[in-house]
Amino acid sequence: MKINLNADIGEGFGAYDIGNDAELMTVIRSASVACGLHAGDANTMHRLTMLAKQHKVSLGVHPGFNDLWGFGRRKIDMDPRDLELMVAYQIGALQGMARYAGLPVTHLKPHGALNNMAAVREDYAMAIGRAIQTVDPTIVYVALYGSEMEKAARKLGLPLAREGFADRHYEDDGNLSPRSIPGTVFKDPDKALAQCLSMVRDRCLTSRLGKTVKVEVETICVHGDEPTAVNVARHVRRGLEAAGCSIVTIPEMMA
């Protein structure tokens, strides 16, 4: 068995940091970096690309809505063409910073509300895919299993990595449970590991309401903005390795 472990990082801004990016980089194998719209800026992106080089972590774009105030977690209705250009802009921003580290940008994973909306909206999922296709069609589209994003990647012929979440509850339809519902973000490392093992070994998980939901994943996310993120990520990695699973980068997972 092999699996990728990723985290969304670089989500501070200016003098403000969110999460412990430096520690997470020692645990994960792929990093999805905020590109300046929902969070992040040039200095933050540069720092994270240099950390990725140091720890041999593959580097990805983490595009979100232009919503610093709401941290990209507020739903925004916009023209899909505008969304496509907004995502392309963020890909270019990280590619520029990644050149300082001599690293390629190898994957893209939407953030927050954009990820949730693109999971169920074909027009948003296709807009993200067209941005990838235009800027660099070798970039892996990271998509929630069974989502419109997965369908868009397949339709456009883009490389695809299906994503599961270590620290989030799911609904019966396979989408993530809203953060507004108490307890939907796991703080307990054992609970996160149990869900990961179920996804990797059994290709299923148990929804918030107790239903068995089928999943197939190539990458698992631990959210970097939670105070418990580093402990959860370390416990998940150790538990997966103890179960005989190799933890690899997204490019290695796709090979």
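What is the distance in Å between the Cα centroid of the range 57-121 and that of the range 122-137?
Between the Cα centre of the range 57-121 and that of the range 122-137, the gap is 11 Å.
Once both labels are modelled 7 Å past Cα along the beta-carbon direction, what's the Asp190-Asp82 spacing in nm?
4.9 nm
Contact order normalised by length for the chain, with contacts defined as Cα pairs under 8 Å and 6 or more residues apart; what percent is it?
Result for the chain is 23 percent.
Tabulate in residue order the Karplus-calculated ³J(HN,Hα) for the range 243-248, using 6.51 cos²θ - 1.76 cosθ + 1.60 with θ = phi - 60°, rounded to whole Hz; enter x for Gly and Pro.
Karplus values, whole Hz, x for Gly and Pro: 7, x, 9, 7, 9, 10.
Okay, helix-only estimate at 222 nm for the chain: each DSSP H run of n ≥ 4 adds -39500 (n - 2.57), divide by all residues, round to 500 deg cm²/dmol; what do you get?
Values: 9 runs with 100 residues, N = 255.
Computed ellipticity for the chain at 222 nm equals -12000 deg cm²/dmol.
Quick check: residue separation of Lys2 and Asn20 times 0.36 nm, minus the Cα distance between them. What number comes out in nm?
On the way: separation 18, 0.36 × 18 = 6.48 nm, distance 2.54 nm.
That works out to 3.9 nm of additional length.
When Lys and Arg each count +1 and Asp and Glu each count -1, what net charge do the other residues less than 12 Å away from Asp67, Cβ to Cβ, add up to? Present the calculation step by step, with values, prior to reporting the outcome.
Numbers: positive: Arg73, Arg74, Lys75; negative: none.
So the surrounding residues net to +3.
Ser180 to Leu68: extension gain in nm, 0.36 nm per residue of separation minus the Cα-Cα distance?
38.4 nm
Which of Lys109/Lys214; Lys109/Lys191; Lys151/Lys214; Lys155/Lys191; Lys151/Lys191; Lys109/Lys187 have a Cα-Cα distance over 26 Å?
Going by Cα-Cα distance, Lys155/Lys191; Lys151/Lys191 fall outside the 26 Å limit.
Taking amide hydrogens as modeled 1.01 Å from N in the peptide plane, which residues meet the under 5 Å criterion relative to Val215, leaving out close sequence neighbours?
Answer set, sorted by chain and number: Cys204, Leu205.
With viscosity set to 0.890 mPa s and temperature to 25 °C, compute the Stokes-Einstein D of the range 2-254, Rh being the Kirkwood radius across alpha carbon pairs; µm²/s, no decimals.
139 µm²/s
Can you say what percent of the DSSP beta bridges in the chain, counting only those with both residues inside, are antiparallel? Round to 5.
Working: 6 of 35 bridges.
Around 15 percent of the beta bridges assigned by DSSP in the chain are antiparallel ones.
Please give me the summed charge of the neighbours of Leu156: other residues whose Cβ is under 14 Å from its Cβ, Lys and Arg +1, Asp and Glu -1.
Spelling it out: positives minus negatives among the neighbours equals -2.
HN-Hα J couplings of the range 163-174 from phi, Karplus 6.51/-1.76/1.60, θ = phi - 60°, integer Hz, Gly and Pro as x?
Each residue's phi maps through the Karplus curve to give 10, x, 10, 5, 10, 10, 6, 10, 8, 4, 7, x Hz.
For Lys211, go through the aspartates and glutamates and keep the ones whose alpha-carbon is under 18 Å away, minus same-chain ones fewer than eight residues off.
Cross-link targets: Asp167, Glu171, Asp172, Asp173, Asp202.
From the backbone phi of the range 38-49, what are the Karplus-calculated ³J(HN,Hα) couplings (6.51 cos²θ - 1.76 cosθ + 1.60, θ = phi - 60°) in whole Hz, Gly and Pro given as x?
Working through the residues one at a time gives 7, 5, x, 7, 4, 5, 5, 4, 4, 4, 6, 5 Hz.
For Lys53, give me every one of the aspartates and glutamates with a C-alpha distance below 18 angstrom, ignoring sequence neighbours fewer than eight places off in its own chain.
Here the aspartates and glutamates satisfying the reach criterion relative to Lys53 are Asp8, Asp21, Glu23, Glu252.
List the residues whose amide H sits under 5 Å from the amide H of Cys221, counting only those 5 or more places along or on another chain, with H placed 1.01 Å from N in the peptide plane.
Asn6, Gly164, Phe165, Ala166
When the Debye formula is applied to the Cα atoms of the range 31-92, each taken as the same point scatterer, what base-10 log of I(q)/I(0) results at q = 0.14, 0.16, 0.21, 0.28 Å⁻¹?
-0.42, -0.54, -0.83, -1.18
Coordinate-derived values only; no laboratory data. Since the structure is predicted, the reported quantities are computational estimates derived from the model, not experimental observations. Here Cβ is always computed from backbone atoms with ideal geometry, including for glycine, and neighbour counts include all displayed protein chains.
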